């Protein structure tokens, strides 16, 4: 039986467009399609879902409460709050920060629209700082240049599963009294280590001689926001999210804003007097129904137990690809920052047009049409979308990010179910495509 897979027409089985599939009906026979499922489900997830379905409470019950505690422990934070997705997590945080009309938030353009959308929803203005050309994370030096008296927060994204260089970001925030939000959608289980750590790893070589000083994604800024979408390193049945924080003063506001501003009446002796609940604003802010259900939380707990295993597999695959394509003229593999434990949500390679002798798009066409490897692009600079242009955003705000998206980057299929054959097909496909375009 052939291992090749044929793409499916968009809309034939999905209605979510790019939020649920990258399949296209163009007749290309794919060896390695881009999968929209980033994890592995097995008997443990199935059993957890079934057991949760037997409960009397199916939303915000014991599974959610336990999932929150376990996720907080994994991140090394005091508090975690389950929500419907990462966008709603960031929306709640934006409300908690009190961001509103006239406020500026410095953010990367190299991210999904959600990171800017939550700022816009509250009337704030995203201010875009450029990216580092090697890690593709926000550049702290450009962040410092973009601070004004109207700046209220910095929103960073740990692109591809590798954390930002957080020390200079936090120093800028301390100097100017700014909030810091970590968009950790790509990075559950990722961490950074201090310079004295010889090599960031799950088994820190400095232990047990001294306490490990690693900082987990979601534990450095004021708030961390995670995604459990089907693409992510762990998923809660396709959608889901988590808010993490060490800020005790944020707890009450987060709890209210993720659940319609509800709170118990003080000193209530009978559960029905004066009524079942009160509704209280949060400094004039009104929340929404962002609750997670029990089945999702039960599956999330199962996924969390195997997160390190799933991330280790992604790291193994990512490093195999790097070793296999290292040294191809004009092709730059993913680079791991020395301070970071990369969990490879994405594998991003870059095409250096002058060295390769062909454009990124020519290379990508050959890789796809002739070698059967489906790459995709992440992310078009946010300020280039029509809705942002209508707000007055100009071109050329972040030249490194623009060159990255339009001329350099490709994201390869990356998930822990990739077979040895598929990994080798990607490596040989990249080598073959580079050779073919160089000769044309």
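Structural descriptor for the stretch 43-305: relative contact order 26 percent, calculated from alpha carbon pairs under 8 angstrom and at least 6 residues apart. Across 212, 259, 184, mean-square fluctuation computed from a Gaussian network of the chain (C-alpha pairs under 10 Å connected) peaks at 212. Judged by the mean number of other Cβ atoms found within 10 Å, the most tightly packed of the peptides 105-111, 346-352, 365-371 leads the ranking 105-111, 346-352, 365-371. With neighbours defined as other Cβ atoms within 10 Å of a residue's Cβ, the residues 234, 364, 60, 163 order from fewest to most as 60, 364, 234, 163. Sorting 275, 21 from the fewest to the most surrounding beta carbons within 10 angstrom yields 275, 21.
DSSP finds beta bridges in the chain, and of those with both partners inside it, around 60 percent are antiparallel.
Between the labelled values [x] 80, 54, 54; [y] 86, 51, 44; [z] 74, 47, 46, the entry that holds Cα extents along the principal axes in Å as derived from this structure is [x]. Does the stretch 259-298 classify as rounded, prolate or oblate by the C-alpha gyration tensor (a ≥ b ≥ c root eigenvalues; a/c under 1.5 gives rounded; else a/b over b/c gives prolate, otherwise oblate)? Oblate.
With a ≥ b ≥ c the root eigenvalues of the C-alpha gyration tensor of the stretch 43-305, is it rounded (a/c under 1.5), prolate (a/b larger than b/c) or oblate? Taking the square roots of the gyration eigenvalues as a ≥ b ≥ c, the stretch 43-305 is oblate. Per-residue ellipticity at 222 nm, computed for the chain from helices alone with -39500 (n - 2.57) per DSSP H run of at least four residues, works out to -9500 deg cm²/dmol.
Each value in this text was obtained by applying a stated rule to the coordinates, not by laboratory testing. All figures in this text were calculated on a predicted structure; none of them were measured in a lab. Glycine also receives a Cβ, built like all others from the backbone with ideal geometry; neighbour counts cover every protein chain displayed.
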